[in-house]
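The values are calculated or read from the model by the stated rules, or taken from the named source; none is laboratory data. Just so it is clear, the structure is predicted and the values come from calculations on it, not from any experiment. All Cβ positions, even for glycine, are placed from backbone atoms using ideal geometry, and neighbour counts span all protein chains on display.
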Amino acid sequence: MTPTQMNAASLKADELEERMSRELDEMVVKSIIYQSGDIDPAIERPRPSAEERAGRHFLMREDPRLRQMPEKPTLIDFFRYRFGPSAHLLQSARLALQSGLPEKTVLACLLHDISVFGFIRSDHGYWGAQLIEPYVDEEVSWAVRVHQALRFYPDESVGYEYPAAYVNFFGPDYRPDPYIDREYQAARNHRWYMTARMITVNDIYSFDPNVRVDIEDFTDIIGRHFHQPEEGLGKDNSASSHMWRTMIAPTKFL
Ligand SMILES: [Fe+2]
Ligand SMILES: [Fe+2]
């Protein structure tokens, strides 16, 4: 598609969205980052006309099309109400638990792709680490950050090979970006290297459809190792509260 065709297609999508948002009292405008690629964000796009705007305001609260979050949301509430189906996280954590790994490592496995499931895919290790950093032991957030890089590099000592899935996903000639390579080189000699490496070892792509794991199976481990703020995630004043708030109300205008 050319940029012009792309923008024509996205204008149609906009019309649909506009119709959908008409069912709300307020107008919804999506963040640029939700749309970049589908549209060229640098191109001027039509704004709602004065007619369309008459008597309506922009959405400045939780999106009523989403399920309402509790007043003081916990990590488990985010799994229930805001994350996509997270069997991958649950089964990875279950495997880590079955392998007898320390609880902190199990938690790291449970949260390793939290950004993919609830926030932003690109550079998910970094975003995920930042989300949880104020609430977990530094070892856990460090491991979540670097697992993204470690996934690309084998470690024979623990039987970890370059994932066959990655050959399918990215093609046989794909090579990680230089910053990923630097991250890997630095992580290799780090005292917590094995914690991050264990995330990659337990990072499973083949789900067992017969195994049902519930987030509540991890209530105790979360309770012991994830320092849930009393006010609720997003309601406290940590360095990542704004990120949790964005997940609570992803279409809030400002
Ligand atoms: Fe990952
Ligand atoms: Fe993963």
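Can you name the condition, by its number, that Arg145 falls short on among (1) basic (Lys, Arg); (2) outside any helix (DSSP H, G or I); (3) within 16 Å of ligand 1 (Cβ to nearest atom)?
Answer for Arg145: the failing condition is (2).
Answer yes if at least one residue in segment 146-164 is of a type in the set (Gly, Ala, Ser) and in contact with a His (Cβ under 9 Å, 6 or more places away or on another chain), and no otherwise.
If we filter segment 146-164 for residues that are of a type in the set (Gly, Ala, Ser), which is where we start, we get 149, 157, 159, 164.
Going one step further and asking which of them are in contact with a His (Cβ under 9 Å, 6 or more places away or on another chain), we end up with none.
Among the residues of segment 146-164, not one is of a type in the set (Gly, Ala, Ser) and in contact with a His (Cβ under 9 Å, 6 or more places away or on another chain), which makes the answer no.
What do you reckon, is Ile204 in contact with a His (Cβ under 6 Å, 6 or more places away or on another chain) and not charged (D, E, K, R)? Show your work before the answer.
On the way: in contact with a His (Cβ under 6 Å, 6 or more places away or on another chain): no; not charged (D, E, K, R): yes.
Taking the combined requirement at face value, the residue does not satisfy it.
Has segment 57-65 got at least one residue that is over 18 Å from Glu231 (Cα atoms), surrounded by 14 or more Cβ atoms within 10 Å (Cβ to Cβ) and of a type in the set (A, V, I, L, M, F, W, C)?
yes
Select from segment 159-178 the residues that are small (Gly, Ala, Ser) and not in a helix (DSSP H, G or I) and write down the one among them that is nearest to Ile204 (Cα to Cα).
Pass one, segment 159-178, residues small (Gly, Ala, Ser): 159, 164-165, 171.
Next, from what is left, pick out any that are not in a helix (DSSP H, G or I): 159, 171.
Numbers: Gly159: 14, Gly171: 19 Å.
Among those that are small (Gly, Ala, Ser) and not in a helix (DSSP H, G or I), it is Gly159.
Could you tell me whether segment 160-173 includes any residue that is of a type in the set (S, T, N, Q) and buried (at least 18 other Cβ atoms within 10 Å of the Cβ)?
Of segment 160-173, the ones of a type in the set (S, T, N, Q) are 168.
Then drop every residue that is not buried (at least 18 other Cβ atoms within 10 Å of the Cβ), which leaves none.
No: segment 160-173 contains no residue that is of a type in the set (S, T, N, Q) and buried (at least 18 other Cβ atoms within 10 Å of the Cβ).
Which of the helices (runs of 4 or more DSSP H) found entirely inside segment 1-108 contain at least 2 residues meeting this: of a type outside the set (A, V, I, L, M, F, W, C), at pLDDT below 95 and touching a strand residue (DSSP E or B) at 6+ places or on another chain (Cβ under 7 Å)? Lay out the reasoning, then the answer.
Values: elements: 3-22, 32-35, 50-53, 75-81, 87-98.
Qualifying helices (runs of 4 or more DSSP H): 3-22.
Can you tell me which residues in segment 112-142 are in a helix (DSSP H, G or I), of a type outside the set (S, T, N, Q) and out of contact with any Phe, Trp or Tyr (no Cβ under 8 Å at 6 or more places or on another chain)?
In the first step, residues of segment 112-142 are kept if they are in a helix (DSSP H, G or I); the result is 114-118, 124-135, 138-142.
Pick out the ones that are also of a type outside the set (S, T, N, Q) and you get 114, 116-118, 124-129, 131-135, 138-140, 142.
Once the filter is applied, which keeps residues that are in a helix (DSSP H, G or I), of a type outside the set (S, T, N, Q) and out of contact with any Phe, Trp or Tyr (no Cβ under 8 Å at 6 or more places or on another chain), segment 112-142 yields Val116, His124, Gly125, Tyr126, Glu133, Pro134, Glu138, Val140.
Scan segment 231-242 and give yes if some residue there is within 16 Å of ligand 1 (Cβ to nearest atom), assigned to a loop (DSSP other than H, G, I, E, B), touching a residue at least 24 places away in the same chain (Cβ under 8 Å) and buried (at least 18 other Cβ atoms within 10 Å of the Cβ), otherwise no. Talk me through it step by step, then tell me what you get.
We begin by selecting, within segment 231-242, every residue within 16 Å of ligand 1 (Cβ to nearest atom); these are none.
No, segment 231-242 has no match at all.
Within segment 183-208, restricting attention to residues that are among the charged types (D, E, K, R) and crowded, with 20+ Cβ neighbours inside 10 Å, which residue is nearest to ligand 1 (Cβ to nearest atom)?
Residues of segment 183-208 among the charged types (D, E, K, R): 183, 188, 191, 197, 203, 208.
If we keep only those that are crowded, with 20+ Cβ neighbours inside 10 Å as well, we get 183, 197, 203.
Numbers: Glu183: 13, Arg197: 13, Asp203: 6 Å.
Result: Asp203.
Name every residue in segment 79-115 that is within 12 Å of ligand 1 (Cβ to nearest atom) and in contact (Cβ under 8 Å) with a residue 24 or more places away in the chain, in order of residue number.
Narrowing segment 79-115 to residues within 12 Å of ligand 1 (Cβ to nearest atom): 88-89, 92, 108-109, 111-115.
Those that are within 12 Å of ligand 1 (Cβ to nearest atom) and in contact (Cβ under 8 Å) with a residue 24 or more places away in the chain: His88, Leu89, Ser92, Ala108, Cys109, Leu111, His112, Asp113, Ile114.
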